[in-house]
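Some notes on the structure that comes next.
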Amino acid sequence: MERYYQPEIETASREQLTAWQDQHLTAQVRSLWDSVPYYRQKMEAAGLTPADIQGIGDLGKLPFMTREDLTACYPFGMLARPTADCVTIHSSAGTTGKKLIAFYTQRDLELWEDRCARAVTAAGGMREDVCQISFGYGLFTGGAGLDGGCRRVGCLTLPMSAGNTDRQLQFMEDLGATILCCTPSYAAYLAECVQERGLKISLRSGIFGAEPWSEEMRRSIEEKLGIKAYDIYGLTELGGMGVAFECSAQDGLHINEDSFIAEVVDPETGEALPEGQAGELVLSAVTQEAMPLLRYRTRDICVLSRAACPCGRTHIKMSKPMGRSDDMLVIKGVNVFPSQIETVLLAQGFSCNYQIIVDRLNGTDTLEVLVEMPPEALTDKLRRINEMERSMVAAMKSALGIRAKVRLVPPKTITRGEEHTVRVVDKRKK
Ligand code: DLL
């Protein structure tokens with residue numbers, strides 16, 4: 001039987017969700033107009049007043065907000081409340097671009113923790129669970145979000161934060177952690193260590209996010225740790241982690257529609273795309289008090305779907321983010337997402353610890369993929385390693401349509417980020 005943290009919200013009818021969104025959106029536009037001069041100017045430039053926005057049908061009239069707007073307003077320019085009403089900040093370096101800061105009121109934190117508690121419950125979390133939170137704490141939204149969510153559900157929460165792998169593994173085994181929360185790349189790393197050390201662990205599920213990960217990577221982590229692995233998505237500037245989360249169907253993430261209105265647009269033209277088509281996710285945070293952003297361009301590429309979900313939740317689903325529009329590589333004119341490369345690596349039995357290096361040599365783009373070899377390959381002859389590299393090159397060519405150089409490197413030599421792992425080094429941008 002599916003369990004929900006807030007069934008009345010998570011399974012609300014479409015009419016109810018639309019009514020909430022209409023009401024929150026109109027109130028939010030009024031609040032921004034009254035209290036954020038920067039936003040009022042943007043509305044005026046678009047020839048709008050709050051009276052023009054009567055509900056979600058008018059959403060498309062509003063101007064987009066971007067990360068550049070936040071940079072222009074840094075640090076206090078987008079605040080809709082005085083700092084005396086705010087209780088904390090979070091900050092992200094993101095995968096690209098400058099640091100940004102988001103402010104939260106007490107109510108913002110409460111709604112946030114509720115959203116995270118929904119995600120924990122959807123991943124099977126209950127009072128009896130021991131939840132190991134290996135996302136960074138402090139300014140990063142990952143640690144505190146799941147910490148709040150797990151405590152609301154009543155789990156025993158282990159606030160491990162990121163790093164110190166030996167201590168992570170010791171607590172995981174000694175305290176019998178049943179749920180692991182961290183980035184998928186760190187989960188993959190921990191899984192390798194658990195196998196190598198032959199540890200006796202009690203994990204049964206994992207909540208992973210903050211970076212794109214493929215279905216192949218999910219299967220590999222699930223197999224190695226003996227768990228079900230759930231995706232979780234969010235952004236610091238949109239109320240933090242837990243904007244969307246996976247349910248038992250493990251087929252897309254429910255966007256918390258009582259707090260967010262989702263659209264997908266063409267990343268080039270900004271034109272709205274029909275449901276089912278891949279494009280850039282645009283989110284409006286309609287319940288956020290301290291720093292509300294409307295029609296915010298996330299840069300994350302996904303597909304939206306309103307198809308009924310077997311879990312019974314009614315909120316719209318986004319596909320697993322395929323990557324960021326600014327992470328999409330154009331190599332010799334071909335569009336390549338890092339996640340496509342990951343899929344090939346895992347299908348060939350390699351680890352998901354890899355780095356992509358793009359450069360330009362004599363006017364031609366070059367693509368090099370560094371991937372960690374399996375530990376047993378360390379003792380292989382050079383000829384065998386060369387063979388493995390050659391077969392990877394052939395697999396890449398057939399999947400991506402372009403030639404990549406593949407270099408096998410010793411296990412555990414590619415750096416794993418504590419917040420977001422850097423998958424791509426594009427030397428052409430220097
Ligand atoms: O990374 C929020 C988060 C923390 C989500 C922990 C899940 C778990 P930021 O540091 O602001 O916030 O980075 C936001 O990370 O725009 C995406 O590009 C990427 N991202 C977040 N979750 C996912 C995911 C957190 N599940 C940026 N899949 C976003 C793919 C993700 N990318």
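The values are calculated or read from the model by the stated rules, or taken from the named source; none is laboratory data. Predicted model only: the values in this text are computed from it and were never measured. Ideal geometry is used to build each Cβ from the backbone, glycine not excepted, and the neighbour counts take in all protein chains shown.
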>> Among (1) at pLDDT below 85; (2) surrounded by fewer than 20 Cβ atoms within 10 Å (Cβ to Cβ), there is one condition SER351 misses while meeting the rest; what is its number?
In response: (2)
>> Within the stretch 296-308, take every residue that is surrounded by fewer than 20 Cβ atoms within 10 Å (Cβ to Cβ) and touching a residue at least 12 places away in the same chain (Cβ under 8 Å) and give me the one that is farthest from the ligand (Cβ to nearest atom).
In response: ARG306
>> I need the full set of residues from the stretch 155-213 which are farther than 17 Å from GLU419 by Cβ and of a type in the set (A, V, I, L, M), in order please.
In response: LEU156, LEU158, LEU169, MET172, LEU175, ALA177, ILE179, ALA191, VAL194, LEU199, ILE201, LEU203
> If we keep just the residues of the stretch 322-342 that are β-branched (Val, Ile, Thr) and assigned to a strand (DSSP E or B), which is nearest to the ligand (Cβ to nearest atom)?
Replying inline: VAL336
> Across the stretch 320-339, which residue is farthest from SER305 (Cα to Cα) among those that are surrounded by fewer than 17 Cβ atoms within 10 Å (Cβ to Cβ) and in contact (Cβ under 8 Å) with a residue 60 or more places away in the chain?
Replying inline: LYS332
>> I need the full set of residues from the stretch 356-375 which are surrounded by fewer than 20 Cβ atoms within 10 Å (Cβ to Cβ) and under 23 Å from the mean Cα position of the chain (by Cα), in order please.
In response: ILE357
>> Given the condition buried (at least 20 other Cβ atoms within 10 Å of the Cβ) and either more than 15 Å from the ligand (Cβ to nearest atom) or part of a strand (DSSP E or B) (or both), answer yes or no: does some residue in the stretch 264-277 qualify?
In response: yes
> Of GLY312, GLY276, GLY270, which residue is in contact (Cβ under 8 Å) with a residue 24 or more places away in the chain, within 22 Å of LEU238 (Cα to Cα) and of a type outside the set (A, V, I, L, M)?
Replying inline: GLY270
> Any idea which of GLY234, GLY242, GLY209 is in the same structural domain as ALA278 (by TED's automatic domain parsing), under 19 Å from GLY125 (Cβ atoms), touching a helix residue (DSSP H, G or I) at 6+ places or on another chain (Cβ under 6 Å) and within 12 Å of the ligand (Cβ to nearest atom)?
Replying inline: GLY242
> Considering only the stretch 279-295, how many residues are among the polar types (S, T, N, Q) and either free of Cβ contacts under 8 Å to residues at least 12 places away in the same chain or part of a strand (DSSP E or B) (or both)?
Replying inline: 1
